[in-house]
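A.B. asks: Starting off with a structure, shown below.
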Amino acid sequence: MLNGKQVLLVIGGGIAAYKCLDLIRRLRERGAGVQCVLTRAGAKFVTPLSVGSLSENKVYEDLFSLTDEAEMGHIRLSREVDLILVAPATADLMAKMAHGLADDLASTVLLAANCPIMFAPAMNVAMWQNAATQENLATLTLRGLKVIGPSEGDMACGEFGFGRMAEPLEMIAAIEDHFSVAAPLSGHRALVTSGPTHEPIDPVRFIGNRSSGRQGNAIASALAGLGARVTLVTGPVGSSLPKGVEIMRVETAAQMLAACEAALPADIAVFAAAVGDWQVKTMAAHKIKKADGEPPSLVLAENPDILKTIASGPGRPDLVVGFAAETTRLIDNATIKLTEKGCDWVVANDVGPGSDVFGGTENTVHLVTAAGVETWPKMSKQDIARKLAGRIAETIGAKNMVTSLGGEKEVGQ
Ligand code: C5P
């Protein structure tokens with residue numbers, strides 16, 4: 001259920017913060033990506049080092065950090081996740097959320113968030129029962145925020161009553177419940193390719209391209225986030241690989257094709273890899289030496305077209321999506337690819353000079369289908385991935401309905 005989900009954990013300042021370390025570990029075990037914001041008080045109870053080591057991500061603490069803002073602005077921090085969990089949600093954090101205060105990174109991120117927010121209160125029993133806290137609780141739940149706990153018991157302050165933060169497994173169960181209603185692709189298998197291919201010239205040189213793999217990796221993650229069982233076949237990429245998907249690492253186009261065939265059957269296939277068109281016909285067994293006179297000539301042979309092979313093969317997935325990275329006549333070329341390669345949809349993107357798509361974090365795409373062309377606004381690669389995965393889920397859902405009613409297969413429409 002949590003495979004590929006991105007959770008932002010806001011850790012407030014309470015003794016219960018230590019439970020967050022176990023919570024992070026359990027979220028990670030289940031395939032979720034975890035980013036953490038530590039409030040100043042939170043950092044008195046758990047260290048950024050322990051939080052960062054368990055989450056395997058940078059820990060954000062400072063609203064006015066120039067480096068953090070340059071890498072990941074506080075608005076984006078709240079936009080690139082599927083869920084925000086505030087734990088421990090102190091009386092102070094609840095008050096800030098209820099009243100829209102934004103005087104530190106945690107409260108600013110919470111105010112800017114456009115995803116669901118859950119919170120696990122933890123405080124002294126009298127603070128919990130105080131009318132101010134109860135009114136804040138009512139305001140927050142009325143706005144649709146989900147509360148987990150607190151439970152009754154002995155408190156660190158020596159008192160007894162309500163105010164103990166929910167245990168990590170209780171929080172996990174609440175998060176899984178939340179996502180179970182949002183897993184339309186559960187039971188479906190998806191194959192995604194990403195990254196470049198490297199075609200060896202000799203043992204130390206290769207022909208490659210500038211693909212970072214970011215877009216394909218984000219799609220794999222987004223499909224997993226909707227419950228699909230995803231196999232990601234990826235070329236040699238530097239960018240970090242998504243969690244919660246099966247990864248097959250390859251170098252050459254021939255290896256990528258073999259890995260894709262091995263990953264079938266699948267219901268959905270998205271070919272986002274920038275596969276090299278040619279390989280060197282005969283790879284030199286030893287490093288080619290620079291000799292006097294003429295440089296060596298490379299004899300090239302065409303690579304297999306992975307998308308075309310899979311789209312025309314016996315185990316064709318129900319929905320096949322290709323990419324078209326073009327520098328000229330984008331839509332025309334993408335439309336030609338739709339029929340030539342036998343795919344249902346083509347995601348076309350302009351990679352001309354100045355577009356900054358290769359290696360960049362944003363993209364502008366057009367979705368080309370038999371029904372026409374849709375132009376999507378410029379978005380982060382993650383947002384494009386989420387939108388595409390959502391479309392895939394709608395289409396696969398509609399197809400299943402048609403099939404279960406005994407009608408024709410209706411993919412690609
Ligand atoms: O390189 P080209 O513009 O033909 O790529 C269009 C689509 O075909 C992309 O989805 C790419 O991943 C796929 N492709 C492939 N195997 C190739 C070349 C391209 O799967 N050899």
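The values are calculated or read from the model by the stated rules, or taken from the named source; none is laboratory data. None of these values were measured; they are calculated from a predicted model. As a convention, Cβ positions derive from the backbone with ideal geometry for all residues, glycine included, and neighbour counts pool all protein chains shown.
A.B. asks: Collect the residues in the range 321-356 that are more than 9 Å from the ligand (Cβ to nearest atom), among the acidic types (Asp, Glu) and in contact (Cβ under 8 Å) with a residue 12 or more places away in the chain, keeping them in residue-number order.
C.D. replies: Answer for the range 321-356, where residues must be more than 9 Å from the ligand (Cβ to nearest atom), among the acidic types (Asp, Glu) and in contact (Cβ under 8 Å) with a residue 12 or more places away in the chain: Asp344, Asp350.
A.B. asks: Still on this model: If Arg79 meets every condition in (1) among the charged types (D, E, K, R); (2) exposed (fewer than 15 other Cβ atoms within 10 Å of the Cβ); (3) touching a residue at least 12 places away in the same chain (Cβ under 8 Å) apart from one, which number is that one?
C.D. replies: All conditions are met except number (2).
A.B. asks: While we're looking at this one, here's another question. Looking at the range 175-193, can you tell me whether even one residue there is in a helix (DSSP H, G or I), among the hydroxyl-bearing types (Ser, Thr, Tyr) and closer than 30 Å to Ala263 by Cβ?
C.D. replies: Yes - at least one qualifying residue is present in the range 175-193.
A.B. asks: Still on this structure, I have one more. Answer yes if at least one residue in the range 15-33 is part of a strand (DSSP E or B) and surrounded by 21 or more Cβ atoms within 10 Å (Cβ to Cβ), and no otherwise.
C.D. replies: Taking the range 15-33 first, the residues part of a strand (DSSP E or B) are 33.
This time we only want the ones that are surrounded by 21 or more Cβ atoms within 10 Å (Cβ to Cβ), so: 33.
Checking the range 15-33: at least one residue is part of a strand (DSSP E or B) and surrounded by 21 or more Cβ atoms within 10 Å (Cβ to Cβ).
A.B. asks: Please verify whether Leu101 is at pLDDT 95 or above, in a loop (DSSP other than H, G, I, E, B) and not assigned by TED's automatic domain parsing to the domain that holds Gln382, treating the condition exactly as stated.
C.D. replies: yes
A.B. asks: When you look at Asp82, is it modelled with pLDDT under 95 and closer than 21 Å to Ile148 by Cα, yes or no?
C.D. replies: Yes; evaluated as a whole, the condition is true for this residue.
A.B. asks: Find the residue count for the range 107-124, including only residues that are part of a strand (DSSP E or B) and closer than 12 Å to Arg164 by Cα.
C.D. replies: 2
A.B. asks: Any residue that is within 16 Å of the ligand (Cβ to nearest atom) and among the hydrophobic types (A, V, I, L, M, F, W, C) - is there at least one of those in the range 288-300?
C.D. replies: yes
A.B. asks: Scan the range 240-249 and give yes if some residue there is under 19 Å from Pro203 (Cα atoms) and at pLDDT 95 or above, otherwise no.
C.D. replies: Yes, there is a match, as at least one residue in the range 240-249 is under 19 Å from Pro203 (Cα atoms) and at pLDDT 95 or above.
A.B. asks: Pairs needed: first member in the range 125-154, within 20 Å of Glu167 (Cα to Cα); second member anywhere, acidic (Asp, Glu) and surrounded by 12 or more Cβ atoms within 10 Å (Cβ to Cβ); C-beta distance under 7 Å; at least 6 residues apart or different chains.
C.D. replies: What qualifies is Ile148/Glu170; Gly149/Glu170.
A.B. asks: Further, regarding this structure: Suppose the filter is more than 12 Å from the ligand (Cβ to nearest atom), within 22 Å of Ser194 (Cβ to Cβ), in a strand (DSSP E or B) and aliphatic (A, V, I, L, M); does Leu388 pass it?
C.D. replies: Judged against the criteria, Leu388 is not a match.
A.B. asks: What residue, of Asp318, Asp305, is within 16 Å of the ligand (Cβ to nearest atom), under 30 Å from Thr369 (Cα atoms) and either out of contact with any strand residue (DSSP E or B) (no Cβ under 6 Å at 6 or more places or on another chain) or without any contact (Cβ under 8 Å) to a residue 40 or more places away in the chain (or both)?
C.D. replies: After applying the criteria, what remains is Asp305.
A.B. asks: Looking only at the range 350-366, filter to residues that are at pLDDT below 80 and of a type in the set (Ser, Thr, Tyr); which one of those is farthest from Arg79 (Cα to Cα)?
C.D. replies: In this case the residue turns out to be Ser355.
A.B. asks: If you don't mind, another one. Any residue that is assigned to a loop (DSSP other than H, G, I, E, B) and crowded, with 23+ Cβ neighbours inside 10 Å - is there at least one of those in the range 218-234?
C.D. replies: yes
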